[in-house]
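Reading through the structure tokens given below for one structure.
The values are calculated or read from the model by the stated rules, or taken from the named source; none is laboratory data. Model, not experiment: these values are computed from the prediction. Here the Cβ positions follow ideal geometry from the backbone for every residue, glycine too, while neighbour counts run over all protein chains shown. Please note that ligands, DNA and RNA were not included when accessible areas were found on the heavy atoms of the full protein model with its side chains. Shrake-Rupley method; radii C 1.70, N 1.55, O 1.52, S 1.80 Å.
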Amino acid sequence: MRQRPIWNAYLAGAALGLVLLLTFVLTGHGLGASGAPTAVAAAASDVLAPTATQGNGYLGPMVAEGNNPLNSWIVWEVLGMGIGALLAAWWSGRLRLRVEGAPRFGTGGRLALALFGGIASGFGARVSAGCTSGLGLSGAATLATAGFVFLIGFFGFGLLTGLLTRRMWQ
Amino acid sequence: MILSFGWNGPLSGLVCGVLFGYVLQRGGLGNGCRLSAQLRLQDWTVFNVMFTAILVAASGLYVLELAGLVRQTDLFVPTTYLWATLLGGALIGTGMSVGGYCPGTSIVGAAAGRLDGIVFFVGLIIGVFLFAGIYDRIAPMLTAAAGPEAQTLGQLLGLPVWAVLALLIGCAVAVSWFTRRTGTSPSITCAD
């Protein structure tokens, strides 16, 4: 299938802003993402090592009193994200299996970098209690100071590591 | 009448999520090369999409509040914990510059068939485990240097909301103008 070009950045941004506004009106909070891998980690941990999980200071409260962390709004939202992104990829002719990443590296190296990046990101999102979606986008949309402090850390340090790793993406 | 419905069930999550994922994918934000290129200053799509979205949503909320349809107190406004908020942002920025994605965009990338997006998401789960493993030792640091609860930029700067919006719009327009030559680069592809 012929690939449809991506949307103009300002139009995509306006559409994203309207989706975010709708989410605030419907739910009282914005969009997020990192809550879903957190719920998956808590649920998996509770199955694999229930005693250790329930005794853990962070995961314990999520599984207390038989609570299922997977039954939460953010997990449904992320499930919806996957469906919406799949539909959009199919509609625009971009749906195919592949491994992307730094062109300097082969498949193994790219997957290793993706794993490392994911670990840093997953850990970081728990430190700040939110990620680029929940704090950077939704927090900033409420004009919360926290959203902009997050964005300063994200772009400030991200630019530093981005420029340092520039050569591996050439 | 107040429009904050407090609908937090599965259907509300699915609807908001489908729209979120669809827009991110069509905006080109499921592409790890384009996302990380922002942090190498080789592409400005992430900044332009994100700031337009922030300003549209923030202006929309402001108008709805003026019209008496939404109350600010009904909205979730996060609180700053200076070191934790900065450090979390820095780690997520590092994750994007190395691995190509942030948590949400890894799902969008994966949904288009990118295996590196799936692996990034697995990494997120491992990152949560590592965090939980040392949580008790780092817990005091996570809430250190707390700002006022749910503080907004308007409260921080002592400015009315319209002035904060005008300031942010001015900044976004200036950045977009100065980076217009790079903008959304058509040549960003990671294809091998």
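Let me have the relative contact order for chain A, percent, based on Cα pairs under 8 Å that are six or more residues apart. If you can, show how the numbers build up before the last one.
Working: 123 pairs, mean separation 44.0, N = 170.
Relative contact order, chain A: 26 percent.
So which trypsin sites (Lys or Arg not before Pro) in the stretch B:87-192 pass both tests, a DSSP loop state and at most 13 other Cβ atoms within 10 Å of the Cβ?
B:ARG180, B:ARG181
When Cβ neighbours within 10 Å are restricted to other protein chains, what is their mean count per residue of peptide B:172-185?
Numbers: counts 1, 0, 0, 0, 2, 0, 0, 0, 0, 0, 0, 2, 7, 0.
Counting other chains' Cβ atoms within 10 Å and averaging over B:172-185 gives 1.
Over the Cα atoms of the stretch B:138-192, what radius of gyration and what Dmax do you get, in Å?
Just the Cα atoms of the stretch B:138-192 yield Rg and Dmax of 18.9, 51 Å.
Could you compute the longest span of chain A free of trypsin sites (Lys or Arg not before Pro) located in DSSP loops and having at most 16 other Cβ atoms within 10 Å, not counting the site residues? Can you show the working numbers first?
On the way: sites that count: A:ARG2, A:ARG96, A:ARG104.
No qualifying site falls inside A:3-95, the longest such stretch.
What average count of beta carbons from other chains do you get within 10 Å of the Cβ of residues in B:33-46?
Details: counts 5, 1, 1, 9, 3, 4, 13, 11, 4, 4, 1, 1, 6, 4.
What the average comes to for B:33-46 is 5.
Using θ = phi - 60° and the Karplus curve 6.51 cos²θ - 1.76 cosθ + 1.60, what whole-Hz ³J(HN,Hα) does each residue of the stretch B:113-123 get, with Gly and Pro shown as x?
x, 7, 5, 5, x, 5, 5, 4, 5, 4, x
Anything losing 40 Å² or more of accessible area from the isolated chain to the full protein assembly: pick those residues out of the stretch A:124-147, probe 1.4 Å, ligands and DNA/RNA ignored.
Buried by the other chains: A:ARG126, A:VAL127, A:THR132, A:LEU137, A:ALA141, A:THR142, A:LEU143, A:THR145, A:ALA146.
Return the value, in Å² to the nearest 100, of accessible area buried between chains A and B (probe 1.4 Å, both sides summed).
Values: alone 12070 and 13110 Å², together 15110 Å².
It comes to approximately 10100 Å² buried between A and B.
Could you work out the relative contact order of chain B? I mean the mean sequence separation of Cα pairs under 8 Å and 6+ apart, divided by the number of residues, in percent.
33
By its C-alpha gyration tensor, with a ≥ b ≥ c as the square roots of the eigenvalues, how is chain A shaped: rounded for a/c under 1.5, else prolate for a/b larger than b/c, else oblate? Please report the intermediate quantities before stating the final value.
Values: a/c = 1.45, a/b = 1.24, b/c = 1.16.
It comes out rounded by the Cα gyration axes.
Contact order normalised by length for the stretch A:74-164, with contacts defined as Cα pairs under 8 Å and 6 or more residues apart; what percent is it? Walk me through the numbers before you get to the answer.
Working: 30 pairs, mean separation 10.4, N = 91.
That works out to 11 percent.
Give me the accessible area per residue for the stretch A:1-96, probe 1.4 Å, as a whole number in Å². All intermediate terms of the calculation are to be shown ahead of the outcome.
Numbers: 4450 Å² over 96 residues.
On a per-residue basis, 46 Å².
Viscosity 1.306 mPa s, temperature 10 °C: what is the translational diffusion coefficient of the stretch B:13-178 from Stokes-Einstein with a Kirkwood Rh over Cα pairs, rounded to a whole number of µm²/s? Numbers along the way, then the final one.
Working: Rh = 18.3 Å.
In µm²/s, the coefficient is 87.
What are the semi-axes of the equivalent ellipsoid for the protein assembly as shown, taken as the square roots of 5 times the Cα gyration tensor eigenvalues, largest first, in whole Å?
So the equivalent ellipsoid measures 27, 26, 20 Å along its semi-axes.
Might you report the magnitude of the Cβ-based charge dipole of the stretch B:13-178 about its Cα centre, with Lys and Arg at +1 and Asp and Glu at -1, to the nearest 20 debye? All intermediate terms of the calculation are to be shown ahead of the outcome.
On the way: 6 positive and 6 negative charges, 65 e Å.
About 320 debye.
In the stretch B:144-164, which residues give up 50 Å² or more of accessible area once the other protein chains are added, compared with their chain alone (1.4 Å probe)?
B:LEU153
Give the Debye-formula value of log10 I(q)/I(0) at each listed q (0.16, 0.26 Å⁻¹), with one equal scatterer per alpha carbon of the stretch A:101-170, two decimals each.
So the normalised log intensities work out to -0.65, -1.10.
Once neighbouring chains are kept in place and the probe is 1.4 Å, which whole percent of the accessible area of the stretch A:1-96 is contributed by carbon and sulfur?
The value for the stretch A:1-96 is 67 percent carbon and sulfur by accessible area.
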